[in-house]
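So the structure is just underneath, and the comments pick up after that.
The values are calculated or read from the model by the stated rules, or taken from the named source; none is laboratory data. Model, not experiment: these values are computed from the prediction. Glycine gets a Cβ as well: all are built from the backbone with ideal geometry, and neighbour counts include every protein chain shown. Each accessible area value is taken on the protein alone, full model and side chains, heavy atoms only, with ligands, DNA and RNA left out. Shrake-Rupley method; radii C 1.70, N 1.55, O 1.52, S 1.80 Å.
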Amino acid sequence: MKTMTYEAALAYLAGLQRFGMKPGLERTVALLEQLGRPDRRVGRVVHITGTSGKGSVAAMVEAGLRAAGRRVGLYTSPPLMRFKERMQVNRAEIPEADVARLTARVAEAAEAVIAAGLEPPTEFEVITAMALAWFAEQSVDDLVLEAGMGGRFDATTAVEEAAVTAITNVGLDHTQWLGQTHEAIAWDKAGVIRPGVPCVTGTDHPGALAVIERVAREQGAPLLHVTPADFRVLGADLSGQVADLRGERGWYRRVRLSLLGRHQAANAAVALRILEVLGVDEGAIREGFAHVAWPGRMELLRAAGGQLVLLDAAHNPAKCAALAGAVAELFPGRRVHLVVGMLADKDAAQGLAPLLPLAERVWATTPESPRAMPAPELAQLCRELGHPARVAADLPEALEAALAAAAPGDLVVITGSFYTVGPARRILVPGQVIQALPPA
């Protein structure tokens, strides 16, 4: 087997972006066959998809399992600050040496797949196969597996078996790949449902829910439906919130949630049902929910000048609405300075609509992605929505300007895309420009 450095591995993986996104499981299955089916040696699999909240639910489930003493693998995407975040065991990232070694191994498997007459595997397919190989080596007890996009044709669905699946919700996102209606998107996401395997969903759209219910019946899969009646927020401050959550075992009273935003109570109710299916006890669930960390999602930091900075990778209308609601509730009366960068394939107008009225000043920037919406175009859209925006040459300029404009009692919100929030966090956290707020 050829050897690679970590830098060469990242360059190889980035080069696979030229193959784009292609639906279908055949290439991933072929890769896994070449690797000896590592997906059969990763313990119990929790397979999670959804339009919004799937990463947060994955983080909560991982925290609950770890609090129960399990050795837990976590696979998520995209990373915020570095590639290694995508694969973790008990929240320790994959070492660079393992990335290099496994990339070389999967690259050889990809060559064999191509030689067998299949199309070249995509970047996500190769990374997913590499992750499964690593988790198998790590002898994890459980693997929390977040789908990349959709479900039916997502590379993660090539995993043969799951102990429980979840569809957090269904909204209009990735419509160019998943379909133009809630029902079409629900059908794609319902592809994670396995025969006889319990599925948890928080879907509230009637048409989408009907599709999920039909697929679950066809698969003989018990469907556990979480509704707004299953959770209620009792109180919230800048250190977290307290909520009552209802599961199959009844009500869990006054559960402490470390993640900010009322939408996280809905995510916690979904995670609770998943953990119940897995037999996790109440004490471990409470411990996990109280201490779960999920960077870049309603993550609150304090600047050296006293300004609060809120990082949230809201990148679709539902997530932007949740962010706007959380800002209005948690920061009443504060002046808001908004730094936003979005991708061109997102519904930017719908996403911006709830956020712009909260902002005193707006800086438009261009995310670090080939799919980025140029900052001048985003600023023009803000103006069309009745709110002027300044165009920043790049993210560092936008960040510097927003922090300079914000008084100590103000709030700087950075949002719009993982490719905006991630680079911002790389600037702010490693450089010690800001520090995480201490727990209350």
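Say we look at region 290-320 and pick out the residues that are hydrophobic (A, V, I, L, M, F, W, C) and in contact with a Phe, Trp or Tyr (Cβ under 9 Å, 6 or more places away or on another chain); which of these is nearest to SER77 (Cα to Cα)?
ALA313
Give the residue, chosen from ARG253, ARG246, that is open to solvent by 50 Å² or more (accessible area, probe 1.4 Å), outside any helix (DSSP H, G or I), more than 18 Å from VAL61 (Cβ to Cβ) and of a type outside the set (Val, Ile, Thr).
ARG253
Of all helices (runs of 4 or more DSSP H) completely enclosed by region 318-412, which ones contain at least 1 residues that are free of Cβ contacts under 8 Å to residues at least 12 places away in the same chain?
375-384, 395-405
I need the full set of residues from region 133-156 which are of a type in the set (Ser, Thr, Tyr) and crowded, with 23+ Cβ neighbours inside 10 Å, in order please.
THR156
Being within 13 Å of the chain's Cα centre (by Cα) and open to solvent by less than 30 Å² (accessible area, probe 1.4 Å) is the filter here, so list the residues in region 63-84 that pass it.
LEU74, TYR75, THR76, SER77, LEU80 - these are the residues of region 63-84 that are within 13 Å of the chain's Cα centre (by Cα) and open to solvent by less than 30 Å² (accessible area, probe 1.4 Å).
Mind checking whether some residue in region 402-422 is farther than 20 Å from VAL327 by Cβ, among the polar types (S, T, N, Q) and either out of contact with any Pro (no Cβ under 9 Å at 6 or more places or on another chain) or open to solvent by 30 Å² or more (accessible area, probe 1.4 Å) (or both)?
No - not one qualifying residue is present in region 402-422.
Considering only residues that are in contact with a Lys or Arg (Cβ under 8 Å, 6 or more places away or on another chain), among the aliphatic types (A, V, I, L, M) and under 24 Å from ILE212 (Cα atoms), which ones fall in region 224-263?
Within region 224-263, LEU224, VAL226, ALA229 qualify.
This table checks each residue for (1) acidic (Asp, Glu); (2) open to solvent by 40 Å² or more (accessible area, probe 1.4 Å); (3) modelled with pLDDT of 95 or more; (4) out of contact with any strand residue (DSSP E or B) (no Cβ under 9 Å at 6 or more places or on another chain).
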position	(1), (2), (3), (4)
GLY283	no, yes, yes, yes
GLY333	no, yes, no, yes
GLY351	no, no, no, no
ALA364	no, no, no, no
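Test THR227 against the criterion of being at pLDDT 95 or above, buried (at least 19 other Cβ atoms within 10 Å of the Cβ) and polar (S, T, N, Q), and give yes or no.
Considered against the rule, which asks whether it is at pLDDT 95 or above, buried (at least 19 other Cβ atoms within 10 Å of the Cβ) and polar (S, T, N, Q), THR227 comes out as no.
Would you point out which residue out of ILE127, ILE167 is in contact with a strand residue (DSSP E or B) (Cβ under 6 Å, 6 or more places away or on another chain), surrounded by 20 or more Cβ atoms within 10 Å (Cβ to Cβ) and either closer than 20 Å to ARG27 by Cα or touching a residue at least 40 places away in the same chain (Cβ under 8 Å) (or both)?
Residue meeting the stated conditions: ILE167.
Could you tell me how many of the residues in region 304-320 are at pLDDT below 90 and open to solvent by 10 Å² or more (accessible area, probe 1.4 Å)?
Of the residues in region 304-320, 8 are at pLDDT below 90 and open to solvent by 10 Å² or more (accessible area, probe 1.4 Å).
Just one of the numbered conditions (1) among the hydroxyl-bearing types (Ser, Thr, Tyr); (2) open to solvent by 10 Å² or more (accessible area, probe 1.4 Å); (3) assigned to a helix (DSSP H, G or I) is not true of THR103; which one?
Failing condition for THR103: (2).
Of all residues in region 263-281 being small (Gly, Ala, Ser) and open to solvent by 10 Å² or more (accessible area, probe 1.4 Å), which is farthest from the chain's Cα centre (by Cα)?
GLY279
Just for region 1-21: of the residues that are outside any helix (DSSP H, G or I) and surrounded by 15 or more Cβ atoms within 10 Å (Cβ to Cβ), which one is modelled with the highest pLDDT?
Checked region 1-21; the qualifying residue modelled with the highest pLDDT is MET4.
Confirm whether THR51 is hydroxyl-bearing (Ser, Thr, Tyr) and either surrounded by fewer than 24 Cβ atoms within 10 Å (Cβ to Cβ) or modelled with pLDDT of 95 or more (or both).
no
If I go through region 29-67 residue by residue, how many of them are more than 20 Å from ALA284 (Cα to Cα), in contact with a Ser or Thr (Cβ under 7 Å, 6 or more places away or on another chain) and part of a helix (DSSP H, G or I)?
1
Identify, by number, the condition in (1) under 24 Å from the mean Cα position of the chain (by Cα); (2) open to solvent by 20 Å² or more (accessible area, probe 1.4 Å) that LEU338 doesn't meet.
Here LEU338 clears every test but (2).
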